[in-house]
Structures are given as structure tokens and as C-alpha cells.
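Chemist: Following this message is one structure expressed as C-alpha cells.
The values are calculated or read from the model by the stated rules, or taken from the named source; none is laboratory data. Model, not experiment: these values are computed from the prediction. Positions of Cβ are generated from backbone atoms using ideal geometry, with glycine treated the same way; all protein chains shown enter the neighbour counts.
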Amino acid sequence: MSNVSSVSELQPVTWIREPAQKPLEANDAALRAIRDLIRDGKRTQLVELLKRWDPVDVMQLLTRLRLKHARKLFHWLPANPSIKVVAELRPEFRAILMEDSTLDQFRDILAGLDPEDAIEILNEFPDDVADKLIARLPDVEDIATRASYADDTAGRVMARKFVALPETCTAGDAVAQMRAEASRIRRVFTVYVTDANGKLIGTVEVGRLLLAPSETTLGSMMNSDVIAVSADTDQEEVLRLARKRDMRTVPVINGDGVLLGRVTPKQLTRIASEEANEDMLLMSGVSAEARSDDTILRIVRGRLPWLLAGLVGASVAATVVGSYEDQLAEAAILAAFIPVIMSMAGNAGLQASAVAVQGIATGALWSGDIFFRLMKELVAALFNGAIAGTILCGLVLIASLVVPIEAPVRLALATSLSLLCVTTLAAMVGATIPLILDKIGVDPAMAIGVFITSSNDVLGVLIFFLMATTFYLG
């Protein structure tokens, strides 16, 4: 809870820290007071009031205000609180506040900061906003260097603050250096050991460093089996490596092995969240760039291609059904099973592809393990298909006792065999396509949703009519 004393004409206004996504009615009075001050143009009083608040509380206030009031208040805030508040804002809300005038304001702020501090702040912004700010800072070389790295790479997200010392440095001197850097670097988990040219040659965990005798050199206690990534490594690959090797921080080097920075635990968490959100959107058939505040035009542009792809798949499936018009005319009951077959094909494919995508994303799916995994999927699909087919067979036979069905045994055989084949094939397609996409450098999450569903619908309908023609109408 923020403690705010009264300000000139104002009664004391306090804010109770709200849980995530749960506005508190107790803050409604504060909201009304702040809105009145904004409408009355009382900037001085309001700034004096809010500068005593915690940045997180100011952030919560901004997200509870109407957008036009939030923008005005944001412009009123002085540089120091503003920059802290922006760091606390959700990316979607930050982007809404980022207008040209605001960007100019932050350009002046960043230009007056130490380059490393400026880069750290830039890492807090959405990439599109950071790019605009970088474009306004052409004379700041260290900051502009960030723009040379592609989006979603280690170079783009790495922190430039780290402790790097020569191998001749003693443990005592290293601890002293860490203390000296404490105000600049918040958390240090690993001390990096470099040669005279800045090349990374080893690492020492802080825990081991603190327990070592003060005269011990870093060279004698360092781990020379260094695991690092290049600056152009995709951030998803960095996350996989960190999970696989249980690394809290990941060092980033250039082509010559020179240490450039490190991907911090905070950034790893952020990458995991971003990748999960991106995969969720792709699996839902939505562009990975989609955001909650998109314009109507951007929503249409991001979703229409996926809808059209689904339309193409559905049209192909309809064409397959139409090509068996004579069979449907001969036995109209076959039409009743088309939704069953398509649903089972889609569900089996989505289940298998979701597991494959998850395995690829977490690094749990190794190249040497792929054949074994596919065989497991095949056997499991056969079991699932056999069980589902047997149940459907029984339902058809039971229904024939109530409703007159011509040749119910042959119909039950045709539908159950169709379900077995469709479920098995759909699962294999769902498990294989993400692996193929990953090998050719395409996000495997794109396999889920429209692609898998449409392809399996077509295959499912085709297999069903082939089975029906062979075993029921033949």
C-alpha cells in the first residue's frame, strides 16, 4: 500500500496494491480523485502526489484509467518516474502509450544515460517501440549496435552487464570486484573468466567463489567447459539450451569467442512466455504478431489468411465428398458418419502434433529419439483407433435393433475399420509434420490448427468412402 501524504488542496490519496487482474473497489475513490485532477488540468498537484507512489502502483493506476486520461497522465509524469513506470507496464499497454511525442521524450532521457543503462531500459520495451527509439539515437553507437541483431535473437535480448575477470584474478579480488559492481549489476550468478582479448575461457559459480580461499586464482577453479551461444542464435534455441543444461544465465559470444553479454533469468522467463504465447496463437490459426489492441484492418490481415487456408481445406474435403455422390445416393446413411470420421481425424492429429510441438519446444525430443517416438505414436494410435472403432461398431449394431439399417454388420465393419485407419494415419501425420517443419526452419506450431485439421479432414473423408465402397457397397 502506497503511503501518500496530503498535497496542497488535496485530501490524502492512497492506493492499495491490487492482485493480478483483480481490481479492488477500495481504489475507486482514488481513481475518481485522479480523474478529477486530470480533467481540471492540475498537473503540479498530481505529479507531486504520484511521485511518492511506488512505480507498480502508478502502473496499476494507469491501467485502470481511461486511455485518454492515461496518455495525458503519462505525458505529465517527469522523466524519472516515467521510465520506471514503463518498465512495469505490460507490453500491450506500453505500445498504446508510445506516441511520437512520448518517444521524443524518452529519446532525450536515453541519450543522457550510460549506454548500458539505456540498453537495459530498451530491453524492457516492445521490439517495435525499441526500434523507433534506436532510430532516434543515431549517434549513440553502443545503443545503435542493438539494432544490428535480428528480432528474437540472443543479441537482441542479452544484458550487457556482467562480471568478467582474467584467470589470474584471485577469489578475494573477484569478490571485491563483485561488491564494487553491486550497484550496477543487480544479480550475479556466474563470474566469467576471459583472456586478454576478452575471449570467454571459463566460468566460476558465485557460490564456489565465495567458499574458495581468497588467494585461489580463478584459472585454477574455473570450469573450462564453457557453454555459450552466438549473438545471432534464436532466442527459442537459447531457452532450449538453458532448460536442457539447467543454466540460470547463458553467456553470449561473437564469432571470435569474445564475451558480449548474458541472457539473464528474467529474460529467459520472458522468452518462455513469449514463445508460449506465440505458439498458442499459431495453434489457434492466428498470426503470431496479433495483439489485443490491434486495429480492425490488422485483425483482418492477421486472421484472414488462416481462414482462407481452412476454406481451401474444407473445399477439398467437400470435393472428395461430392465425388462419392452416387455412393451417398445409394446409401444415404453414410452421410451420418462423415462428421464422426472428420472429428476423430482432427482430434487425433491435434493431440499428436501438440505433443510433438511441446517436445520440440522444450528440447525433450532428440534427433536420435525420433524413430522411437514415432513408433510409440503409431502403436498408441492403433490401440486408440481399435478401441474407438470397436465402440462405433457396437453402436451401429445396437442402433440397427431400433432403426432399420440395411446390412448393419457390413456397415459396422466399414465404419469401424475407417475409424481405425483414420485415427492411426491422422496421429502419424500430426506427429511427423511438426518435425519436418522444424527441420526446414519453420515454426512447428504452425502445423497445429488449420494445417493439421484440414489435411486430416481430407484424408479422413477419403479413407471413409474407400472403406465404405469396399466393405459396405461392394
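Chemist: Within the set of pairs 6+ apart or on separate chains, which have a first residue in the range 26-39 that is closer than 15 Å to Lys68 by Cα, a second that is modelled with pLDDT under 85 and of a type outside the set (A, V, I, L, M, F, W, C), and C-beta atoms under 7 Å apart?
Modeler: Leu31/Arg64; Arg35/His69; Leu37/Gln45; Ile38/His69; Ile38/Lys72
Chemist: Kindly indicate whether any position in the range 42-60 is within 30 Å of Ile271 (Cα to Cα), exposed (fewer than 12 other Cβ atoms within 10 Å of the Cβ), out of contact with any Gly (no Cβ under 7 Å at 6 or more places or on another chain) and at pLDDT below 75.
Modeler: No, there is no match, as no residue in the range 42-60 is within 30 Å of Ile271 (Cα to Cα), exposed (fewer than 12 other Cβ atoms within 10 Å of the Cβ), out of contact with any Gly (no Cβ under 7 Å at 6 or more places or on another chain) and at pLDDT below 75.
Chemist: Can you tell me which residues in the range 208-237 are among the small types (Gly, Ala, Ser), under 18 Å from Met178 (Cβ atoms) and not in a loop (DSSP other than H, G, I, E, B)?
Modeler: Once the filter is applied, which keeps residues that are among the small types (Gly, Ala, Ser), under 18 Å from Met178 (Cβ atoms) and not in a loop (DSSP other than H, G, I, E, B), the range 208-237 yields only Gly219.
Chemist: Let me ask something else. Residue check: is Val461 in contact with a helix residue (DSSP H, G or I) (Cβ under 8 Å, 6 or more places away or on another chain), β-branched (Val, Ile, Thr) and surrounded by fewer than 22 Cβ atoms within 10 Å (Cβ to Cβ)?
Modeler: No: the conditions fail for Val461.
Chemist: Go through Gly285, Gly261 for me and flag whichever is small (Gly, Ala, Ser), surrounded by 18 or more Cβ atoms within 10 Å (Cβ to Cβ), modelled with pLDDT of 75 or more and outside any helix (DSSP H, G or I).
Modeler: Gly261
Chemist: Restricting attention to the range 265-279, does a residue exist that is in contact with a Gly (Cβ under 6 Å, 6 or more places away or on another chain), in a helix (DSSP H, G or I), modelled with pLDDT under 70 and not assigned by TED's automatic domain parsing to the domain that holds Val442?
Modeler: The answer is no; no qualifying residue exists.
Chemist: Sticking with this one: Only one of (1) more than 21 Å from Thr216 (Cβ to Cβ); (2) in a loop (DSSP other than H, G, I, E, B) is not met by Thr168, so which one is it?
Modeler: So the condition that Thr168 fails would be (1).
Chemist: Specify which of the listed residues (Ala431, Ala427, Ala388, Ala412) is over 21 Å from Ala314 (Cα atoms), within 34 Å of the chain's Cα centre (by Cα) and buried (at least 17 other Cβ atoms within 10 Å of the Cβ).
Modeler: Ala431
Chemist: Counting only residues that are loosely packed, with under 13 Cβ neighbours inside 10 Å, among the small types (Gly, Ala, Ser) and assigned to a helix (DSSP H, G or I), how many does the range 176-199 have?
Modeler: Residues meeting the conditions: 1.
Chemist: Do we find that Asp142 is more than 25 Å from the chain's Cα centre (by Cα), under 25 Å from Leu73 (Cβ atoms) and modelled with pLDDT under 75 in this structure?
Modeler: Judged against the criteria, Asp142 is not a match.
Chemist: Looking at (1) at pLDDT 90 or above; (2) within 30 Å of Gly359 (Cα to Cα); (3) surrounded by 18 or more Cβ atoms within 10 Å (Cβ to Cβ), which is the one condition that is false for Ser230?
Modeler: (3) is the only condition that Ser230 fails.
Chemist: Six or more apart or on different chains, Cβ under 8 Å: which pairs go from a residue in the range 140-160 that's acidic (Asp, Glu) to one that's modelled with pLDDT of 80 or more and crowded, with 16+ Cβ neighbours inside 10 Å? Could you list them?
Modeler: Asp152/Asp234; Asp152/Gln235; Asp152/Glu236
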